[in-house]
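Accompanying notes for the structure given below.
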Amino acid sequence: MVWEGIYAHNNSPQQPRCNKGNFFRDGRIKIDFVLVWEVKILDCRRRRSSKRYHDMEREDIEVPLEGGDEKQDKWRKKFVLNLQKAGLLMEEEVMKSEKKHIHYLKLSAPWDVLVYYAEELCMRAPLQARPVTIENWSERLLGQLNIPNILHQDVPNKPLSYYTCLFRKSKISRFLGSENRDAYFSTTQRQRIVYEILAKTVYGKRKRAEIGIDRLMNEGAYSAAFPLHEGPYDGATSSLLPEKLNARQVLYSYWAHWGCWFHYQPLDHIREYFGEKIAIYFAWLGFYTGWLLPSALVGTLVFLSGLKSMSSNIPAKEICNRSHNYLMCPLCDACTVWNLSDICFMAKMGSLFDHPGTVFFSIFMSFWAVTFLEYWKRKNATLAHFWDCMDFQEEEEKPRPEFVAMAPAMEKNPITGVKEPYFPGKDRLSRIITGSMVIILMASEPL
């Protein structure tokens with residue numbers, strides 16, 4: 001295989017140099033996203049009557065893998081052109097083999113683009129560091145009882161917590177770390193900004209909703225679109241000091257390992273690497289798993305009591321011991337008579353799951369569900385407060401990029417005073433009528 005690099009929209013005065021990591025070939029520009037597409041190779045030989053066999057010319061022609069190739073190529077070119085107009089830096093790598101070429105388009109957002117979209121997406125910026133320690137209720141309880149806590153583990157490189165506010169370009173000098181442009185925005189924030197650009201960039205006609213990388217992938221123009229992880233996840237982690245591990249190695253060693261299943265999750269590290277949404281999801285997953293323990297314990301006790309009551313259940317004993325002489329009517333026209341003792345096993349199974357203990361368990365689970373929900377609300381509010389995302393829905397949740405790209409105008413919301421995508425009344429009416437007609441047709445079809 002042969003690698004062939006192609007620079008696009010990257011006017012770097014320095015010579016390319018080899019550098020390991022998620023960078024362009026100049027070793028300075030970070031890779032935020034990668035787009036991938038494949039093309040098939042046709043091997044053509046052109047014969048001429050005046051030439052001998054060894055003089056035949058050979059040429060490789062690239063053709064896309066599926067039909068609609070010209071349209072997909074046109075879409076890709078327009079999409080890349082619009083990405084360049086949005087300010088993204090690009091670099092292309094081509095991996096050549098005998099049957100196909102795989103193209104990798106590396107994307108990076110420069111400082112001006114990051115600053116503009118950070119304000120547009122209502123991202124939060126750090127103002128001042130603060131000491132924050134999030135403890136679990138079990139950790140506090142075991143500490144008060146002076147009982148060793150086997151669930152706790154010391155995770156290195158704990159991220160700092162900050163007082164934050166909405167990012168403003170005009171006040172950038174007041175934010176912590178603004179002088180270091182290369183490291184000011186986290187990898188998660190950079191990837192979110194680039195994906196926002198990819199999701200609302202037009203590649204065809206706007207009226208046909210030919211917008212965004214997701215639809216391009218559905219149309220087959222791109223094979224994949226993904227961000228890159230930061231560094232290796234395992235490597236020689238045993239030979240490194242814990243403080244020297246990168247963020248991905250810390251998560252792999254202290255969270256994703258099978259041996260860490262009974263430890264507390266490093267939620268701050270998960271939040272730093274994946275963002276608040278993913279961190280809150282795993283916080284809920286761990287919280288839910290922990291709360292399943294009491295319900296599982298009560299359920300086990302109820303099941304054991306059912307096993308014990310099987311031998312003393314009077315209806316089951318009557319069916320199994322004294323019903324061999326009781327003949328029952330056939331179950332169908334072609335069936336024969338059958339003994340009542342044939343259902344002995346089903347009678348015992350019924351007594352296993354139908355006894356007074358199951359009534360108690362159903363009542364217990366109803367109270368458990370309500371209590372679990374209320375305590376999760378408290379846990380969720382605590383995490384949202386410490387991570388400074390209490391007002392995420394009101395301030396940071398933006399309309400879908402596809403919806404924004406298709407909106408013909410921007411109007412001020414009379415309630416919030418913020419400019420939002422706006423569809424005129426005629427456009428809304430036509431969409432409502434079209435949708436209603438489809439629903440009516442589907443509902444009126446005979447069953």
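The values are calculated or read from the model by the stated rules, or taken from the named source; none is laboratory data. Since the model is a prediction, treat every value here as computed from it, not as a measurement. Neighbour counts run over all protein chains shown; Cβ positions are idealised from the backbone, glycine included. Surface accessibility is based on the protein's heavy atoms, side chains included, excluding ligands, DNA and RNA. Shrake-Rupley method; radii C 1.70, N 1.55, O 1.52, S 1.80 Å.
Taking segment 327-364 as the search range and keeping residues that are within 30 Å of Leu301 (Cα to Cα) and among the aliphatic types (A, V, I, L, M), which one is farthest from the chain's Cα centre (by Cα)? If you could, list the steps in order and put the result at the bottom.
Step one: filter segment 327-364 for residues within 30 Å of Leu301 (Cα to Cα), giving 341-364.
Subset that is among the aliphatic types (A, V, I, L, M): 343, 346-347, 349, 352, 359, 363.
Working: Ile343: 50, Met346: 45, Ala347: 47, Met349: 43, Leu352: 42, Val359: 40, Ile363: 36 Å.
The selected residue is Ile343.
Ile213 passes all but one of (1) touching a Ser or Thr at 6+ places or on another chain (Cβ under 9 Å); (2) open to solvent by 70 Å² or more (accessible area, probe 1.4 Å); which number fails?
(2)
When segment 75-84 is examined, which residues are found to be of a type outside the set (A, V, I, L, M, F, W, C) and either over 19 Å from Lys30 (Cα atoms) or touching an Asp or Glu at 6+ places or on another chain (Cβ under 9 Å) (or both)? Don't jump to the end; show me each part of the working.
Narrowing segment 75-84 to residues of a type outside the set (A, V, I, L, M, F, W, C): 76-78, 82, 84.
Listed by number, the residues that qualify are Arg76, Lys77, Lys78, Asn82.
Across segment 141-182, what is the total count of residues that are in a loop (DSSP other than H, G, I, E, B) and among the aliphatic types (A, V, I, L, M)?
Summing the residues that are in a loop (DSSP other than H, G, I, E, B) and among the aliphatic types (A, V, I, L, M) in segment 141-182 gives 7.
Taking segment 283-304 on its own, how many of its residues are open to solvent by less than 50 Å² (accessible area, probe 1.4 Å) and of a type outside the set (A, V, I, L, M)? Talk me through it step by step, then tell me what you get.
Here is the first cut: in segment 283-304, the residues open to solvent by less than 50 Å² (accessible area, probe 1.4 Å) are 283, 286-287, 290-291, 295, 298-299, 302.
Now restrict to residues that are of a type outside the set (A, V, I, L, M): 286-287, 290-291, 295, 299.
Qualifying residue count for the region: 6.
Looking only at segment 207-251, count how many residues are in contact (Cβ under 8 Å) with a residue 40 or more places away in the chain, part of a loop (DSSP other than H, G, I, E, B) and over 17 Å from Val34 (Cβ atoms).
5
Being in contact with a helix residue (DSSP H, G or I) (Cβ under 7 Å, 6 or more places away or on another chain), of a type in the set (Gly, Ala, Ser), open to solvent by 30 Å² or more (accessible area, probe 1.4 Å) and closer than 30 Å to Tyr162 by Cβ is true for just one of Ala199, Ala247. Which residue is that? Step through it out loud before you land on a result.
Working: Ala199 fails: open to solvent by 30 Å² or more (accessible area, probe 1.4 Å).
Exactly one residue qualifies, and that residue is Ala247.
Give all pairs with beta carbons closer than 6 Å in which a residue from segment 309-331 that is at negative phi and surrounded by 13 or more Cβ atoms within 10 Å (Cβ to Cβ) meets a residue that is modelled with pLDDT of 75 or more and of a type in the set (D, E, K, R); count only pairs at least 6 apart in sequence or on separate chains.
Filtered contacts from segment 309-331: Met310/Lys348; Ala316/Lys348.
With respect to Glu98, is the statement that it is touching a His at 6+ places or on another chain (Cβ under 7 Å) and surrounded by fewer than 17 Cβ atoms within 10 Å (Cβ to Cβ) true? Quick ask: steps written out before the conclusion?
On the way: touching a His at 6+ places or on another chain (Cβ under 7 Å): no; surrounded by fewer than 17 Cβ atoms within 10 Å (Cβ to Cβ): yes.
Here the answer is no, as Glu98 does not meet what is asked.
Can you tell me which condition Arg124 does not meet? The list is (1) in contact (Cβ under 8 Å) with a residue 60 or more places away in the chain; (2) surrounded by fewer than 15 Cβ atoms within 10 Å (Cβ to Cβ); (3) in contact with a Ser or Thr (Cβ under 7 Å, 6 or more places away or on another chain), and all the others hold.
Going through (1) in contact (Cβ under 8 Å) with a residue 60 or more places away in the chain; (2) surrounded by fewer than 15 Cβ atoms within 10 Å (Cβ to Cβ); (3) in contact with a Ser or Thr (Cβ under 7 Å, 6 or more places away or on another chain) one by one, Arg124 breaks only (2).
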